[in-house]
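Engineer: My questions all concern the structure below.
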């Protein structure tokens, strides 16, 4: 763990935050910008943008994990591979699996298994996140696409940025959703009270759009399908909480007493993308996990009583 903290002197006032932190720490400006975006830099206990102009006597704190302290090692594990060729691999990730190594999770991650299974992965995201184009939460299940080379990675990243990758999720949410269809267009940023959480906010946020449709209604719950137009951290979980229908099992964002299901009932069930080399449209599906399906079947039985 690397940590820096200091007070801004009079002659340093009015500097851009990213430029100032880079000069103070010796880190590259681009890396500092990524730390600021991740919430690893605070000014007077608050999160700011890279272009924030600092003031005299501001207290700046920087804390982050140095990748050099961690190393991803290949580990044999059973991977549920739903699609694979020489450019990409699509994995159906189980609940409880972290995508890549970090502090406290240096082994048993998806990346550890991928390094054992694949001879090559793209190196764009560094040694701890090889091939990782996008992520899903530890307790979210379902499809994740991984690039085996840099050209594939760049193609897939561009598709995500252009919003042409279609990502569909099933979510069981609290309450009965009245509308059959809907769009949640609400910006998401770091929760100023808890750096580990995100929230809908106009402060230091990014546009976030989630489309949903109702699949099945129960007495106290609704099964919805969500389509991500953007891919912000915890987006579906934050957006469903925002419209007062938090995801069942989500202990971080659900304000209601929730059933014990070992994590949020959120599953990435379909991915559609254009193949980086052949330019064919690839559609990959993953069925609901057995425990998710069992809960739905139990709810259906209760409806019949």
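Rule-based calculations on the coordinates, nothing more; no lab input. Computed from a predicted structure; not experimentally measured. Cβ coordinates were reconstructed from backbone atoms using ideal geometry, including for glycine residues, and neighbour counts include every protein chain displayed.
Engineer: Given the peptides 135-148, 286-299, arrange them by the average over their residues of other C-beta atoms within 10 Å, most packed first.
Structural biologist: 135-148, 286-299
Engineer: Assign one of three labels to region 1-154, namely rounded, prolate or oblate, based on the Cα gyration tensor with a ≥ b ≥ c the square roots of its eigenvalues; rounded applies when a/c is under 1.5, prolate when it is not and a/b is larger than b/c, and oblate otherwise.
Structural biologist: Prolate.
Engineer: Still on this structure, I have one more. Give me the extension gain from residue 179 to residue 230: residue separation times 0.36 nm, minus the current Cα-Cα distance, reported in nm with one decimal.
Structural biologist: Gain in length upon complete extension: 16.2 nm.
Engineer: At 222 nm, what value in deg cm²/dmol follows for the chain if DSSP H runs of at least 4 each add -39500 (n - 2.57) and the sum is divided by all its residues, to the nearest 500?
Structural biologist: Only helices count here, giving -6000 deg cm²/dmol.
Engineer: Helix 150-161: angle to the longest alpha-carbon principal axis of the chain, degrees 0 to 90, nearest 10?
Structural biologist: 80 degrees
Engineer: Under 1.5 on a/c is rounded, so check that first for region 2-64, then, if it is not, pick prolate when a/b is larger than b/c and oblate when it is not; a ≥ b ≥ c are the square roots of the alpha carbon gyration tensor eigenvalues.
Structural biologist: Because its axes are fairly even, with a/c under 1.5, region 2-64 counts as rounded.
Engineer: Sticking with this one: Can you give me the distance in nm between label points at residue 84 and residue 258, each placed 7 Å from the Cα along the Cα-to-Cβ direction?
Structural biologist: 3.2 nm
Engineer: Could you tell me how many degrees, from 0 to 90 and to the nearest 10, lie between the Cα long axis of helix 290-304 and the main elongation axis, the longest principal axis, of the Cα atoms of the chain?
Structural biologist: On a 0 to 90 degree scale, this one is about 50.
Engineer: Turning to a different aspect of this structure: How far apart, in nanometres, would the label points at residue 14 and residue 218 be if each is projected 7 angstrom from Cα along the Cα-to-Cβ direction?
Structural biologist: 6.1 nm
Engineer: Along Cα→Cβ, 7 Å out, is where each label goes; now give me the distance between the ones at residue 51 and residue 251 in nm to one decimal.
Structural biologist: Here the modelled spin labels are 4.1 nm apart.
Engineer: So if we plug the beta-carbon distance of residue 63 and residue 151 into 1/(1 + (r/R0)^6) with R0 = 35 Å, what FRET efficiency do we get, rounded to 0.05?
Structural biologist: Rounded to the nearest 0.05, the efficiency is 0.50.
Engineer: Rounded to whole Å and ordered largest first, report the semi-axes of the equivalent ellipsoid of region 113-229 derived from its Cα gyration tensor (root of 5λ).
Structural biologist: Equivalent ellipsoid semi-axes, largest first: 30, 19, 15 Å.
Engineer: Expressed in nm to one decimal, what extension gain is obtained for the pair residue 277 and residue 30 from 0.36 nm per residue of sequence separation less their Cα-Cα distance?
Structural biologist: Details: separation 247, 0.36 × 247 = 88.92 nm, distance 2.97 nm.
Contour length minus the Cα-Cα distance gives 85.9 nm.
Engineer: For residue 164 and residue 138 in one chain, what is 0.36 nm times their gap in residues minus the Cα-Cα distance, to one decimal in nm?
Structural biologist: Gain on extension, residue 164 to residue 138, equals 6.9 nm.
Engineer: Hey, could you get me the Stokes-Einstein D for the chain, Kirkwood radius over alpha-carbon pairs, 4 °C and 1.567 mPa s, rounded to whole µm² s⁻¹?
Structural biologist: Approximately 62 µm²/s, per Stokes-Einstein.
Engineer: How big is D, in µm² s⁻¹, for region 68-160 by Stokes-Einstein at 4 °C and 1.567 mPa s if Rh is the Kirkwood radius over C-alpha pairs? Present the calculation step by step, with values, prior to reporting the outcome.
Structural biologist: Numbers: Rh = 13.0 Å.
Here the translational diffusion coefficient equals 99 µm²/s.
Engineer: While we're on this one: Pick out which of 274, 41, 99 has the largest mean-square fluctuation in a Gaussian network model of the chain, springs linking Cα atoms closer than 10 Å.
Structural biologist: Maximum among the listed residues: 274.
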